[in-house]
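A short reminder: the numbers here are calculations on the coordinates, not readings from a lab. Keep in mind that what you see is a predicted model, and the values were worked out from it rather than measured. We place every Cβ from the backbone using ideal geometry, glycine too, and count neighbours over all the protein chains shown.
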Amino acid sequence: MPVKAISNYSFESRSRAELYGDDQLVNVWWVNAPMMCAAACFRAPREMAWSDFLAAMVYPWASSDPGFEASRASSWQVDGVGFSPDPSATLASLGVRHKSLVSFKS
Amino acid sequence: MAKLSMKERYAALTRDLDWDFDYVDSKEVFPYTTFEGIKIHDWSKWEDPFRLTVDSYFKYQAEKDRRLYAVLDSFAQSQGHLSLHEARYLNAMKLFLQGVTPLEYAAHRHFAFLARFLDSGGPRFAALCQSIDELRHAQTEIHTLSNYNKYYSGFHSWPKMHDRVWYLSVPKSFFDDAISSGPFEFLTAISFSFEYLLTNLLFVPFMSGASFNGDLPTMTFGFSAQSDESRHMTLGLESIRFLLEQDPDNVPIVQGWIDKWFWRSYRVTALVAGMMDYMLPRKVMSWKEAFELYFEEQMMGSLFKDLAYYGIRPPAHVGDAIAEKEHLSHQVYWTLYSFSFAAAFTTTVPDPAELEWLSQTYPESFDKLYRPRWERAAEITEGGGRFFFQGLPQLCQVCQIPMLFTEPGDPTTICQRHSNFNGENFDFCSDGCKSIFDKEPEKYIQAWLPVHQIFQGNCGGPSVPEVLDWYGIQEGDNAEYLGSKDNLNWLSWHDDSAK
Amino acid sequence: MTSLSSEASRAKVRVDLQDNDETAILVAAIRKDNPEVVVTHLPGIVKVTSPTELVIRRESVEAASGKTWDPNEFQLQLVTYYGHFSTWDEDEILISWPKH
Amino acid sequence: MSYEVKQQVVAPIRNAFTYLIERNGDRPATRYEEATIDLQPTENFHYRPLWDPAHEIYDVDYSALKLSDPYSFLDPRQYYYFPYVVNRAGLLESFGASLSYLESRGLLAALDSSWSEVMSHEILPLRHYEAGAQLITQLGSRFAYGTSIEQAASFSAFDRMGLAQMISRVGISLESGSSEILGEAKHAWISSPNLQGLRRMVEELLIEGDWAIALMGLDQIDRIIYPLVWMHLDDVAVKSGAGAFSLIAQHFATWYKDQRKWLDALIRAWVADPVYGLANTAILSEAVTTSSRRAERAVAEFAEAFRPLDANCPATVAELASAARSALSALGIEGK
């Protein structure tokens, strides 16, 4: 159902992919961590390697909780579908898109 | 000849001032009252029970303000701020000035829109009075809290903060949403859903809390503003009844607005829940108790039974709101604690007495789910650290709150909802927010989401200090309360040995 | 529908008033005309709850205070209410849920 | 937990809100400044209005008249809500006292027939003029950019509603408590030929979308009709023994002097603006040229009805219109 407006009402999304150039937004959710109140949002290059993404963004964030151990992160999913990422694969090639939700448990 | 009754006099002095235009088309004078699809057949059925005219308006409002400003002056002259229960209490008032005062101002501006564009003199006059009442509220709040600004952090840059800071986009986007809607939706949103359904949850327990924590000026402005609010609530209820009685085709439109605006308003009050249960050092009433009294008993118990006569059912997703009353304040305040490095207020681990109060007040949830987090946070503090969420959160596209809320029925799993529009993914904290988006995606894709804006480079720069500087946050405004400027000043201003 | 609305018309109504001397007089007048009200307190507030409806009569307030009283003055004490102002005229204020 | 307050004066850590310190230096701000400057949001609006997708929620383009710093205009009266309502409570109270006095002595009923005719069929219809003025001014309350301007417009709009009610109350008093005469007054507003120029101009200003241009149009009428009805006729009344009218008129004249203070200051600010001053002056000159001649004609037609009281009324209108043009000229606005 479209919005009811007095005249043509059409504006672009203020979060659309093109605003981020070669990068994109990626949401990361540590599913079973009560200390982490919400999933985090990162800006990452589409061509960033998975291992670099973890090392540069996900792990430093997860270390907000001093109990975080990188080696125990498992059950990875992207947008609800389980996957076993190749560390050298790029985010784009792994199917991580603009505003995808990457999740894990530990 | 008999003297005019109050009702006749009121009619002669308000709606009777209207006349039918002959030189211009009245649709051009009142161009905004048809596009929403609302059908009005007879404005003469509109009833304004207050029947206040300009002379009595000035008389009583002047009296209210004389009383209020006398309290403000004496509080300032006697250094009343030193008799607060604790400086920490003021964090609640910082959030109030940054988050609520600008909404009063926005209401002032947009009730002026109704006072110009509703096509009948009766409701226009009610909107006219409300418009300047709301200006009064903004100004009395500023004048009350200005005194604290001279001695405490976090109050100094509130208008800029309201336009920029992440957690303040929650109330700002809420009101922008209402203002950018048509006139009847605005009435349903603000006068009915916000003011009639939920405003008591914001003001009454909160102002009692102010009184209980030694903040006499805030209590005085709060109660004084609420007396105007009673008129505004009446406008809200009368508007809804009137719209429903005018045409059966209005019923589904109004129902859709009640569904949307109940949820939108309720999400804004999540900040209030955190304030009530955690930011007031001396507690008056818990969020849960206030919600049960002011919402479940009063609104669900009687109002919606009354509205059923018109074919209106309780708001969609109201069950989700009721189900999360055991959890809301804890989840919200934990989030504020986690992000207070980027806030213009400070937070701290509740002291043992507060933990005990929380445990007794929330026997179903606190000890099991939330006390352990505070114990971990306390351990981290004892180890010389401070727990913060070292990153930016995923935000809900509609309410703009970090996606902190849990699944209905499962308080251990964060609720994640998504929609695709024009090939782009959008995230939501709840079924309530997702359904709002799905009905008007063209509107909500425009949301200025603080996290996304930071990543686009629109908020002063990429690093946290640059963003905080752009927010107008100064050292001492943010992070941990214990050891903060306010805390240290407070201790130095009081005789510690007398404790 | 009938049963729901008649139930609604029996539902509670309430006024919250600022806790001060003038309110004490008002409450005395309210009690006289509404013997079934329950009066409770929160810091700064007096809550007056009626199981059915609540009427505030000018005559009674004037009798209690010994002064003339304009029902508009009620606004100076009123903090909030619950219900519906069915009447607000020169002689009385009635809060009730409407009877459809 | 209780603390004993040390016997000391705690020095403030700052004197004012940051945005006021940035503007004025670190000095305590007045309550007017605190209640006014920078209140209106200026950036990061979330959604475009469904009722006007071409604009932002607050937008400088709601008017052709602009200020590079909206707060270069400050209300010389320094009205924020509290002093405003206290002042107006005083105005309404003294108006009410005048009216009670007139009623108790039967002075309105005692007006001679030429005066009571003018009161009923010329003065009372002006309650609709004031009601229209409220709507016209209200547009600025919503759409002016910056709190200092919209606040003054908000109070002025509320004033116009108050003035409409004051005139209506005179009618109720004339009829000893009935509102029938107000019905006749409305009929006159709608159908008396001499009021149609005025009514037409008010109606047309209601469809002017630029709040500032609309307000300037209204002001061209005010500049003639206020001095004519509430000052010149007051003089006539005093001379002809119609003191009852004089007692009423003084309150309207008092209001108009107050209205002039903020509106003239706003015009001065528009003209003096370092960036937009020239453009503003050109726009104002054009708006004034269009509306001041029309206003003069409309008021002149209206004033025909005053001939039985004062044969010179038409000449007075021309003088007042000329004085209005001189006053605008002194502000930098030259009509053509």
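Sticking with the crude label model, points 7 Å out along Cα→Cβ, report the distance from residue B:322 to residue D:293 in nm, one decimal please.
Computed distance between label sites residue B:322 and residue D:293 equals 7.0 nm.
Which number do you get for Rg(Cα) / (2.2 N^0.38 Å) in segment D:126-232?
Normalised Rg, Cα atoms only: 1.12.
Got a sec? How would B:235, B:72 order by Cβ neighbour count within 10 Å, fewest to most?
Lowest count first: B:72, B:235.
To the nearest 10 degrees, how steep is helix D:313-330 against the longest Cα principal axis of chain D, on a 0 to 90 scale?
Value to nearest ten degrees: 20.
Give me a comma-separated list of calculated 3J(HN,Hα) values for segment D:112-126, in order, Karplus coefficients 6.51, -1.76, 1.60 applied at θ = phi - 60°, integers in Hz, x for any Gly or Pro.
5, 5, 5, 5, 5, 5, 5, 4, 5, 9, 10, 6, 4, x, 5
Quick one: give the max-minus-min coordinate of the C-alpha atoms of chain B along each principal axis, largest first, in Å.
Ordered largest first, chain B gives principal extents of 80, 60, 44 Å.
Which angle from 0 to 90°, rounded to the nearest 10, does the C-alpha axis of helix D:180-191 make with the longest principal axis of chain D?
So the inclination is approximately 90 degrees.
Kindly provide the chymotrypsin sites (Phe, Trp or Tyr not before Pro) of chain A that DSSP labels as loop, not H, G, I, E or B, and whose Cβ sees at most 16 other Cβ atoms within 10 Å.
Taking chain A and a limit of 16 other Cβ atoms within 10 Å, the loop chymotrypsin sites (Phe, Trp or Tyr not before Pro) found are A:11, A:83.
Using only the Cα atoms of the protein assembly as shown, build the gyration tensor, take square roots of its eigenvalues as a ≥ b ≥ c, and label the shape rounded, prolate or oblate: rounded if a/c is under 1.5, else prolate if a/b is larger than b/c, else oblate.
Prolate, because a/c is 1.5 or more and a/b exceeds b/c.
Using a Gaussian network for chain D with springs between C-alpha atoms less than 10 Å apart, which of these wobbles most: D:187, D:128, D:232?
Of D:187, D:128, D:232, the Gaussian network model singles out D:187 as fluctuating most.
Indicate the gyration tensor shape class of segment B:1-125 (rounded, prolate or oblate), computed on the Cα atoms with a ≥ b ≥ c the square roots of the eigenvalues: a/c under 1.5 is rounded; otherwise a/b larger than b/c is prolate and the rest oblate.
It is oblate, given that a/c is not under 1.5 and a/b is not larger than b/c.
Of D:261, D:239, D:66, which is the most mobile in a GNM of chain D whose springs link Cα atoms less than 10 angstrom apart?
D:239
Would segment D:15-107 count as rounded, prolate or oblate if I go by the C-alpha gyration tensor, calling it rounded below 1.5 in a/c and otherwise prolate when a/b exceeds b/c, oblate otherwise?
Details: a/c = 3.32, a/b = 1.63, b/c = 2.04.
Cα axes put segment D:15-107 in the oblate bin.
In µm²/s, what is D for chain C at 25 °C and 0.890 mPa s, where D = kT/(6 pi eta Rh) by Stokes-Einstein and Rh is the Kirkwood radius from Cα pairs?
178
Over its Cα atoms, what ratio of radius of gyration to 2.2 N^0.38 Å does chain A give?
Details: Rg = 16.4 Å, N = 106, 2.2 N^0.38 = 12.9 Å.
Ratio of Rg to 2.2 N^0.38 Å for chain A: 1.27.
Under 5 Å between amide hydrogens, which residues at least 5 positions from residue A:24 or on another chain qualify, with H placed 1.01 Å from N in the peptide plane?
A:44, A:46
Regarding segment D:250-336, what's the average projected area of the Cα-atom convex hull, expressed in nm²?
6.2
Going 7 Å from the Cα of residue B:368 along its beta-carbon direction, which residues of segment B:378-417 have the amide nitrogen within less than 11 Å of the resulting point?
Taking a point 7 Å out along Cα→Cβ of residue B:368, the residues of segment B:378-417 whose backbone N falls under 11 Å are B:410-412.
Report the calculated FRET efficiency for residue C:33 and residue D:318 (r = Cβ-Cβ distance, R0 = 51 Å), to the nearest 0.05.
Plugging the Cβ-Cβ distance into 1/(1 + (r/R0)^6) gives 0.20.
Mind jotting down the distance between the C-alpha centroids of segment B:160-178 and segment B:396-440, whole Å?
18
Reachable aspartates and glutamates from residue D:239, Cα under 15 Å, same-chain residues fewer than 8 places away excluded?
Correct list for residue D:239: D:112, D:310.
Give me the compactness ratio for segment D:95-330, meaning the Cα radius of gyration over 2.2 N^0.38 Å.
Numbers: Rg = 17.8 Å, N = 236, 2.2 N^0.38 = 17.5 Å.
In units of the globular-protein estimate, segment D:95-330 measures up at 1.01.
Within segment B:298-322, name every residue whose backbone N is under 15 Å away from a label modeled 7 Å from Cα of residue B:431 along the Cβ vector.
Correct set: B:314-322.
For the protein assembly as shown, what does -39500 (n - 2.57) per DSSP helix run (n ≥ 4), summed and divided by total residues, give at 222 nm, in deg cm²/dmol to the nearest 500?
Counting only the DSSP helices, I get -15500 deg cm²/dmol.
Which order results if D:26, B:133 are arranged by neighbouring Cβ count within 10 Å, fewest first?
Working: D:26 12, B:133 22.
Fewest-to-most ranking of D:26, B:133: D:26, B:133.
Can you tell me the 0 to 90 degree angle between the C-alpha axis of helix B:54-77 and the longest principal axis of chain B, rounded to 10?
10
Note down the net charge around residue A:61, summing +1 for each Lys or Arg and -1 for each Asp or Glu among other residues with Cβ under 15 Å from its Cβ.
-2
If you average the alpha carbon positions of segment B:324-382 and of segment A:67-106, how far apart do those two centres end up, in angstrom?
Spelled out, the Cα-based centre of one part sits 30 Å from the other.
Tabulate in residue order the Karplus-calculated ³J(HN,Hα) for segment B:466-481, using 6.51 cos²θ - 1.76 cosθ + 1.60 with θ = phi - 60°, rounded to whole Hz; enter x for Gly and Pro.
After applying 6.51 cos²θ - 1.76 cosθ + 1.60, I find 5, 5, 4, 5, 5, 5, x, 7, 10, 4, x, 6, 10, 6, 7, 6 Hz.
What ³J(HN,Hα) values, in whole Hz, does the Karplus curve 6.51 cos²θ - 1.76 cosθ + 1.60 give for segment B:413-419 when θ = phi - 60°, with x put for Gly and Pro?
10, 5, 7, 10, 10, 9, 9
So who's got an amide H within less than 5 Å of the one on residue C:13, skipping anything under 5 residues away but keeping other chains? H placed 1.01 Å off N, in plane.
C:50, C:52
Between residue A:22 and residue C:92, what is the label-point separation in nm under the 7 Å Cα-to-beta-carbon projection?
8.0
Structure shown: which of B:39/B:260; B:94/B:288; A:99/B:94; B:45/B:434; B:172/B:434; B:7/D:261 lie over 26 Å apart, alpha-carbon to alpha-carbon?
Details: B:39/B:260 20 Å; B:94/B:288 23 Å; A:99/B:94 33 Å; B:45/B:434 37 Å; B:172/B:434 19 Å; B:7/D:261 36 Å.
Table pairs above 26 Å Cα-Cα are A:99/B:94; B:45/B:434; B:7/D:261.
Fewest Cβ neighbours within 10 Å first, please rank A:69, B:326, D:286 accordingly. List each step's numbers first, then the result.
Details: A:69 11, B:326 19, D:286 15.
Ordered by Cβ neighbours within 10 Å, fewest first: A:69, D:286, B:326.
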